[in-house]
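Peer 1: Encoded as structure tokens, here's the structure I'll be asking about.
Derivation of every value follows stated rules applied to the coordinates shown; laboratory data play no part. The shown structure was predicted, so the numbers you read here are calculated from the model rather than taken from an experiment. Here the Cβ is made from the backbone with ideal geometry for all residues, glycine too, and neighbour counts use every protein chain on show.
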Amino acid sequence: MHTKNDMKIVYLIHSTYNPGGMERVLLNKVTWLVGKMGWEVTVVTTDQHERASFYPFPDGVKMIDLGVNYSEDNGKPFLKKLMGFLKRRRLHKKRMTEVLAQVKPDVVDCFYPGECSFVPGLKDGSKKVMELHQSKLFHHQYNRSGPMGLADKYRAMMDERLVRKFDRFVVLTEEDAKMWGEMPNIRVIPNAANFIAQKYSDCSEKRVIAVGRLDYQKSFDRLVLVWEKVHEKMPDWRLDIFGQGEWKEMLQGMIDERGLQDCMRLNGPTKDIGKEYAESSMLVMSSHYEGFPMVMIEAMACGLPAVCFDFKCGPRDIIQHEENGLVVPDGDIDGLAEAMIRLMKDEKLRERMGENAKRVVETYSEERVMGLWGDLYEEILR
């Protein structure tokens, strides 16, 4: 990878105290750029609230919080929230301009949505990159009708205009890139697969794992329905879900109503998810959509076969059906249950798929992925 040794890059993200996929992607990226490339990296947040990062960042990374705190307006009436947003957006732009004038970066890389709407207009001399860690379907995820549906379509249309203003617009899969159509600035760079456990899974434990935020996107409500069917046939297996979110109470209610509380547990986030992967025998994903599922490639790198719905985007890029996992039609509750039961009953099949799953590290190696990022940054600075 040919790069400038004195490169300065600023990453813009809402916060780093959550245990999310974007936060882990950012950590992996800056750790590589600081440790391997010797670049000067600054991470700028808006809503850190003096909290520590969930994943500790390397000492060489400069962390700056602008103290804009958009989240303080959450829960307020619409007009108050709108007025608060406009006021905070002006403060945000002012403080961001001051930071960029001080740091003088070569590249400013922002995570959608955040400050993406005004970043292209900042005249600080840097090149601007936007990363999308969802898919183009993000605004259509709820299939809403009426005024809210129109608002979703409007936001999607505005996004199409916005992304063209950046020097480069990066998506995670070829599937998502095709949805955006012909754009001269679009590039596909997947997330890297890292082996994050002390050992591989041997797929012998009667335990299934699921990881993600407890919300609409991850759709663990569908997984409760699936597990109800699985438990009838395989009562000695258990399912552990790791995550937090606004659906926790609702999901626990569904679990309790079906008498599944002894075999299906909601656990909070953990900093050692690799240990949990190693003590499980398969990963299950029930999402409505993804950008590029970090959970999937990390679990597979630890030797877990993946079983999931055929949601947009990710499974078809990562899973080779019947080789390293099983993919069933999106929303097919019976089909997902049957796929899981099939793997539960056949330990040899689990072991074979688990061995094949480890090879995801070759396809999405950190060296390859970071090479693509280095090439992209160099390309726009020529």
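Peer 1: With label points built 7 Å along Cα→Cβ from the Cα atoms of Asp272 and Glu322, find their separation and express it in nm.
Peer 2: 4.0 nm
Peer 1: Within straight cross-link reach of Lys358, meaning Cα distance under 19 Å, which lysines are found once same-chain residues fewer than 8 apart are removed?
Peer 2: Output for Lys358: Lys199, Lys275, Lys348.
Peer 1: Now a separate question. In square nanometres and to one decimal, what's the mean projected area of the convex hull around the Cα atoms of the stretch 157-263?
Peer 2: Result: 10.3 nm².
Peer 1: Shifting gears a bit: For Val230, what is the net charge nearby, where nearby means another residue's Cβ is under 12 Å from its Cβ and Lys, Arg count +1, Asp, Glu -1?
Peer 2: Details: positive: Lys206, Lys229, Lys233, Arg238, Arg258, Arg342, Lys345; negative: Glu228, Glu232, Asp236, Asp334, Glu338.
Charge balance in the 12 Å sphere: +2.
Peer 1: What does the extension gain come out to for Glu174 and Lys81, with contour length at 0.36 nm per residue minus their alpha carbon separation?
Peer 2: 29.8 nm
Peer 1: Just the C-alpha atoms of the stretch 207-363: what Rg/Rh do they give, with Rh taken as the Kirkwood radius? If you can, show how the numbers build up before the last one.
Peer 2: Values: Rg = 14.1 Å, Rh = 15.2 Å.
The Rg/Rh ratio comes out at 0.92.
Peer 1: In whole Hz, with x marking every Gly and Pro, tabulate ³J(HN,Hα) for the stretch 71-84 from phi via Karplus 6.51 cos²θ - 1.76 cosθ + 1.60, θ = phi - 60°.
Peer 2: Going residue by residue, I get 5, 5, 8, 4, x, 7, x, 3, 5, 5, 5, 5, 5, x Hz, with x marking Gly and Pro.
Peer 1: How many angstrom lie between the C-alpha centres of the stretch 79-130 and the stretch 1-74?
Peer 2: Distance between centres, Cα-based: 15 Å.
Peer 1: Sort Met183, Met96 by Cβ crowding within 10 Å, fewest neighbours at the top.
Peer 2: Starting with the residue having the fewest Cβ neighbours, the order is Met183, Met96.
Peer 1: Using alpha-carbon positions, what is the distance between the centroids of the stretch 329-382 and the stretch 273-291, in Å?
Peer 2: After rounding, the separation between the Cα centres reads 11 Å.
Peer 1: Only counting other Cβ atoms within 10 Å, I'd like Phe292, Phe111 sorted with the fewest neighbours first.
Peer 2: Listed from fewest to most nearby Cβ atoms, that is Phe111, Phe292.
Peer 1: Same structure, new question: What are the ³J(HN,Hα) couplings of the stretch 8-21, residue after residue, when phi is run through the Karplus curve with 6.51, -1.76, 1.60 and θ = phi - 60°? Round to Hz, x for glycine and proline.
Peer 2: 10, 9, 10, 9, 10, 8, 4, 6, 10, 8, 8, x, x, x
Peer 1: List the residues, sorted by chain then number, that are 5 or more residues from Asp330 or on another chain and whose placed amide H is less than 5 Å from its amide H.
Peer 2: Placed amide hydrogens put Asp310 under 5 Å from Asp330.
Peer 1: Do the alpha carbons of any pairs in Lys312/Lys345; Lys206/Lys233; Lys87/Lys248 sit beyond 23 Å of each other, and which pairs? Mind showing how you got there, number by number?
Peer 2: Values: Lys312/Lys345 29 Å; Lys206/Lys233 13 Å; Lys87/Lys248 32 Å.
Among Lys312/Lys345; Lys206/Lys233; Lys87/Lys248, the Cα-Cα distance tops 23 Å for Lys312/Lys345; Lys87/Lys248.
Peer 1: Counting pairs of alpha carbon atoms under 8 Å apart in space and at least six apart in sequence, what relative contact order in percent does the chain give?
Peer 2: Relative contact order here is 16 percent.
Peer 1: Mean residue ellipticity at 222 nm from the helices of the chain, using -39,500 (n - 2.57) per DSSP H segment of n ≥ 4 over the full residue count, to the nearest 500 deg cm²/dmol?
Peer 2: After summing the helix terms and dividing by the residues of the chain, the value is -12500 deg cm²/dmol.
Peer 1: P(r) for the stretch 54-213: what percent of alpha-carbon pairs falls in each 10 Å bin, starting at zero?
Peer 2: Binned Cα distances yield the sequence 8, 26, 34, 23, 8, 1.
Peer 1: Among Ala197, Gly354, Val10, whose Cα sits farthest toward the positive end of the charge dipole of the chain (+1 at Cβ of Lys/Arg, -1 at Cβ of Asp/Glu, about the Cα centre)?
Peer 2: Of the options given, the answer is Val10.
Peer 1: Now for a separate question. Would you grab the residues whose amide H sits under 5 Å from the one on Asp65? Only those 5+ places off in sequence or on another chain, please, with H modelled 1.01 Å from N.
Peer 2: Sorted by chain and number, the residues that satisfy this are Thr45.
Peer 1: Under a 10 Å cutoff between Cα atoms, tell me which one of Asp159, Asp272, Asp47 has the largest fluctuation in the Gaussian network model of the chain.
Peer 2: Evaluated over the chain, the most mobile residue of the options is Asp272.
Peer 1: Obtain the nm distance between the two label points defined at Ala101 and Lys36 by a simple spin-label model: each point lies 7 Å from its Cα along the Cα-to-C-beta direction.
Peer 2: Result for the modelled spin labels: 3.7 nm.
Peer 1: Determine, for Glu257, Glu298, Glu351, the number of other Cβ atoms within 10 Å of each Cβ, and report the residues in order from fewest to most.
Peer 2: Glu257, Glu351, Glu298
Peer 1: Mind putting a number on the dipole of the chain about its Cα centre? Charges go on the C-beta only, +1 for Lys and Arg and -1 for Asp and Glu, and I need it in Debye to the nearest 20.
Peer 2: Computed charge dipole of the chain: roughly 1520 debye.
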